[in-house]
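Structure, as structure tokens:
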Amino acid sequence: MASAEAIIRTVGLTKRYIAPNGQSAERPAVDHLDLEVAHGEIFGLLGPNGAGKTTTIGMLTTRVIPTSGEAWVGGIDVVANPAQAKQLIGVVTQTNTLDRSLTVYENLFFHGRYFGMSSKESKSASLRLLEQFHLADRAGAEVFALSGGMAQRLMVARSIMHRPAVLFLDEPTAGLDPQSRLSMWEAVHELNAAGQTILLTTHYMEEADQLCQRVAIMDHGQILALDTPVELKRSVDADTVVTVHASGDPEALVTVLTGVEGVSSASAAAGAVMVNLRGGGRGTLPRLLMAAEAAGIDVDDVSIAEPTLETVFISLTGKELRD
Amino acid sequence: MATTTITLTEAKPTTQAARAAFIALLLRDLTVLRKELGMFLARTIIQPLLLIFVFTYVFPKIGQGVGGGGAAAEGFSTLLVGGVIASAMIFQGIQAVALPMVQDFGFTREIEDRVLAPLSVNALALEKVAAGAIQAILAGIAVFPMALVVPANSVHLTVRPLYLLTILPLGAVMCASLGLTVGTRVEPRQVSLVFSLLVIPMTFLGCVYYPWSTLSKIAWLKWAVVVNPLVYLSEGLRLALAKGVPHMPVVAIYVVILAFTVALLRIGIAGFRKRVLA
């Protein structure tokens, strides 16, 4: 990415939390993060809970103060000029932060006012967004009365109301039912089609795969890999992934299976052995089973899949995304 | 969802955007107040109404106590006016600023959307104080007529506008700053304790029912209560409303109210930053 186009840029961005007892955390939550996100991109931060994704968004949206490093959004230094940077960002946080003292309509109306819209502008924008996000019939309702999916839609509507240069979505579909999740994905696609830059975090690999043009895989506050989902999956150097559950020492099985013809690599991960195959792997499966049997290892279960971003994560970290 | 082309916001000058946000946040708080006006009046009026009723209506009627009968009772009713207004203001200042923070900083962190409004976190804290101060003044105004009408004997007020129009807003800001300090420095689930452990003692020892100078007979108490901000507001409002009732030096009233305001604002804003930013 050309740096001139970057709408989000971080250099050495680091956050080390201070515990209530005044002691600095042993490991930084975000560790020297260098990131560039281009105009008009949907960029994903994929990683397990505790990877530092939310802290990264927190720093980019001025709510978490970095321990060191720098960050710019829309060319504005978020640490030095947080009030100005806030004009350019829209945020949907993980929890429902709707204003419970206000109605659905008022949540939008006052948000517009906070961002300098006149009463008239804010009213018409609120009504338009309620229509667009299928909430018009709930306009006068208390936000308590909204379902999880509706509350999430209202939060997205609110976050884009002031036309932010960057929209931050922190785990936008966590806790949503499958249907709400699909409609959220649709909304994200449409916003992006209209030119909205979006940075989202997720621990759902399907979400990163389906939505994002580029994905940074994060763990322990660091970016382990960054590319398009297609390239990331290609990096595994396999077109088929076989997961073998067997009794006995996984490392021994790794040694046995690595030598089988058609296997590009094998590794022990999350209590099983992951075998990456090249060339369709049609004849390879029986050979794997025979090799295991010949080595005296009982295979309990075998599953076959195409490489996913999860495969990439496992091959990078040796553990699963959700553990 | 209809696809519309998005035109992005360009960053406006920070002060301009912050001013608009500040005003909009105030409007939001006043909207919430309007919705809860009944509750606001109930929680503001009930306690002072009962207090005035019992002390200045029931007692004189039944010939029991405070201030004795006749002129002394009138004197008491008169000095009580400033006191109950002051105590209603401090009660409301804490209530209006500290209690919503239980929800704001609670599990859902409802305040997040307001934190993301384009103004500094300090300005957001000041907005909370401004909204609280407005409510404290409204509380004072709501209590005022009761203090005039309810007593069995006549109340003699001499309004000194210059004092009233300066002490009322200054005192209101002090009360709301105390609310900010309490709301940010006390654990959310312990805020309700604040009323029994802080507000009640402050009220009873806040020169609400007696002028400070009369405490000379109990010298240790006279000097112990100088740490209570309510003392200065009670004294100040009596200065503004009740001629002839003794009060502490005018300069002391203004200087100490200002000093408390500055100190509480500093502590409160620092606490607010700590709560809002990680």
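I'm trying to understand the selection: among the residues of segment A:109-129, which are of a type in the set (A, V, I, L, M) and more than 12 Å from chain B (Cβ to nearest Cβ)?
Result: A:Leu127, single match.
Could you list, in sequence order, the residues of segment B:32-50 that are surrounded by 16 or more Cβ atoms within 10 Å (Cβ to Cβ) and within 8 Å of chain A (Cβ to nearest Cβ)?
B:Val32
Restricting segment A:184-224 to residues that are away from every other protein chain (no Cβ under 14 Å) and small (Gly, Ala, Ser), which is nearest to A:Gln94 (Cα to Cα)?
Of everything passing the filter in segment A:184-224, A:Ala208 is nearest to A:Gln94 (Cα to Cα).
Test each condition in (1) at pLDDT 90 or above; (2) surrounded by fewer than 21 Cβ atoms within 10 Å (Cβ to Cβ) for B:Glu235 and report the one that comes out false.
(2)
Take segment A:208-233 and flag every residue that is more than 17 Å from A:Ile314 (Cα to Cα) and buried (at least 20 other Cβ atoms within 10 Å of the Cβ).
A:Leu211, A:Cys212
Take A:Arg100 and tell me if it is closer than 30 Å to A:Glu206 by Cα, part of a loop (DSSP other than H, G, I, E, B) and modelled with pLDDT under 95.
Answer is no for this residue.
Assess whether A:Pro164 counts as being at the interface with chain B (Cβ under 9 Å from one of its Cβ atoms) and either on the phi < 0 side of the Ramachandran plot or modelled with pLDDT of 90 or more (or both).
yes
Please work out which residue is nearest to A:Gly112 (Cα to Cα), limiting yourself to segment A:163-187 and to residues that are surrounded by 23 or more Cβ atoms within 10 Å (Cβ to Cβ) and touching a residue at least 60 places away in the same chain (Cβ under 8 Å).
Looking at the filtered set, the residue picked out is A:Pro164.
Being within 11 Å of chain B (Cβ to nearest Cβ) and of a type outside the set (A, V, I, L, M) is the filter here; which residues of segment A:146-161 pass it?
Scanning segment A:146-161 gives A:Arg153, A:Arg158, A:Ser159.
Of A:Val241, A:Val260, which residue is buried (at least 17 other Cβ atoms within 10 Å of the Cβ) and not in a loop (DSSP other than H, G, I, E, B)?
Answer to the check: A:Val241.
Does segment B:86-126 hold any residues that are hydroxyl-bearing (Ser, Thr, Tyr) and surrounded by fewer than 24 Cβ atoms within 10 Å (Cβ to Cβ), and which are they?
B:Thr108, B:Ser120
Please go through segment B:97-118 and give me each residue that is within 13 Å of another protein chain (Cβ to nearest Cβ) and either on the phi > 0 side of the Ramachandran plot or not in a loop (DSSP other than H, G, I, E, B) (or both), ordered by number. Steps first, please.
Here is the first cut: in segment B:97-118, the ones within 13 Å of another protein chain (Cβ to nearest Cβ) are B:99-118.
Residues satisfying the conditions are B:Leu99, B:Pro100, B:Met101, B:Val102, B:Gln103, B:Asp104, B:Arg109, B:Glu112, B:Asp113, B:Arg114, B:Val115.
So, of the residues in segment A:45-59 that are of a type in the set (Ser, Thr, Tyr) and under 18 Å from A:Gly12 (Cβ atoms), which turns out to be nearest to the other protein chains (Cβ to nearest Cβ)?
A:Thr55
Return yes when B:Val121 is in contact with a Gly (Cβ under 9 Å, 6 or more places away or on another chain), within 14 Å of another protein chain (Cβ to nearest Cβ) and of a type in the set (A, V, I, L, M, F, W, C) and no when it is not.
no
Can you name the number of the only condition in (1) more than 12 Å from every other protein chain (Cβ to nearest Cβ); (2) modelled with pLDDT of 90 or more that A:Ile65 fails?
So A:Ile65 meets the others, but not (1).
Which one of these is at pLDDT below 90 and of a type in the set (Asp, Glu): A:Glu26, A:Glu41, A:Glu70, A:Glu36?
Working: A:Glu41 fails: at pLDDT below 90; A:Glu70 fails: at pLDDT below 90; A:Glu36 fails: at pLDDT below 90.
When all the criteria are applied, what remains is A:Glu26.
Name the single residue that is farthest from A:Met59 (Cα to Cα) among those in segment A:84-97 being touching a residue at least 12 places away in the same chain (Cβ under 8 Å), within 7 Å of another protein chain (Cβ to nearest Cβ) and of a type outside the set (Val, Ile, Thr).
So, considering only residues that are touching a residue at least 12 places away in the same chain (Cβ under 8 Å), within 7 Å of another protein chain (Cβ to nearest Cβ) and of a type outside the set (Val, Ile, Thr), the one farthest from A:Met59 (Cα to Cα) is A:Asn96.
Considering only segment A:127-137, I want to know if a residue exists there that is among the hydrophobic types (A, V, I, L, M, F, W, C), touching an Asp or Glu at 6+ places or on another chain (Cβ under 9 Å) and assigned by TED's automatic domain parsing to the domain that holds A:Val91.
Within segment A:127-137, none of the residues are among the hydrophobic types (A, V, I, L, M, F, W, C), touching an Asp or Glu at 6+ places or on another chain (Cβ under 9 Å) and assigned by TED's automatic domain parsing to the domain that holds A:Val91.
Taking segment A:130-145, which residues are part of a helix (DSSP H, G or I), farther than 11 Å from A:Leu98 by Cα and more than 10 Å from chain B (Cβ to nearest Cβ)? Give the steps one after another, and end with the answer.
Of all residues in segment A:130-145, those part of a helix (DSSP H, G or I) come to A:130-132, A:136-138, A:143-145.
From the residues that got through so far, the ones that are farther than 11 Å from A:Leu98 by Cα too are A:130-132, A:136-138, A:145.
Within segment A:130-145, A:Leu130, A:Ala136, A:Asp137, A:Arg138, A:Ala145 qualify.
For segment A:263-296, what are the residues that are among the β-branched types (Val, Ile, Thr) and in a strand (DSSP E or B)?
A:Val263, A:Val273, A:Val275 - these are the residues of segment A:263-296 that are among the β-branched types (Val, Ile, Thr) and in a strand (DSSP E or B).
From B:Leu277, B:Leu264, B:Leu215, B:Leu205, grab the single residue that is out of contact with any strand residue (DSSP E or B) (no Cβ under 7 Å at 6 or more places or on another chain), of a type in the set (A, V, I, L, M, F, W, C) and at pLDDT below 85.
Details: B:Leu277 fails: at pLDDT below 85; B:Leu264 fails: at pLDDT below 85; B:Leu205 fails: at pLDDT below 85.
Among B:Leu277, B:Leu264, B:Leu215, B:Leu205, only B:Leu215 is out of contact with any strand residue (DSSP E or B) (no Cβ under 7 Å at 6 or more places or on another chain), of a type in the set (A, V, I, L, M, F, W, C) and at pLDDT below 85.
Mind counting the residues in segment A:304-322 that are surrounded by fewer than 18 Cβ atoms within 10 Å (Cβ to Cβ), in contact with a strand residue (DSSP E or B) (Cβ under 9 Å, 6 or more places away or on another chain) and either small (Gly, Ala, Ser) or assigned to a loop (DSSP other than H, G, I, E, B) (or both)?
5
Anything in segment B:144-180 that is under 22 Å from B:Glu127 (Cβ atoms) and either of a type in the set (A, V, I, L, M, F, W, C) or crowded, with 24+ Cβ neighbours inside 10 Å (or both)? List them, or say none.
Once the filter is applied, which keeps residues that are under 22 Å from B:Glu127 (Cβ atoms) and either of a type in the set (A, V, I, L, M, F, W, C) or crowded, with 24+ Cβ neighbours inside 10 Å (or both), segment B:144-180 yields B:Leu168, B:Leu170, B:Gly171, B:Ala172, B:Val173, B:Met174, B:Cys175, B:Ala176, B:Ser177, B:Leu178, B:Gly179, B:Leu180.
Can you tell me which residue within segment A:194-207, out of those that are among the aliphatic types (A, V, I, L, M) and under 10 Å from the mean Cα position of the chain (by Cα), is surrounded by the fewest Cβ atoms within 10 Å (Cβ to Cβ)?
Ranking the qualifying residues of segment A:194-207, first place goes to A:Met205.
Let me confirm something: among A:Thr56, A:Thr67, A:Thr61, A:Thr93, which residue is more than 16 Å from A:Ser159 (Cα to Cα) and crowded, with 22+ Cβ neighbours inside 10 Å?
After ruling out the rest, the residue left standing is A:Thr56.
Does segment A:60-68 contain at least one residue that is β-branched (Val, Ile, Thr), within 16 Å of A:Val11 (Cα to Cα) and touching a residue at least 60 places away in the same chain (Cβ under 8 Å)?
yes
The values are calculated or read from the model by the stated rules, or taken from the named source; none is laboratory data. These numbers were taken from a predicted model, which means no experiment stands behind them. Here Cβ is always computed from backbone atoms with ideal geometry, including for glycine, and neighbour counts include all displayed protein chains.
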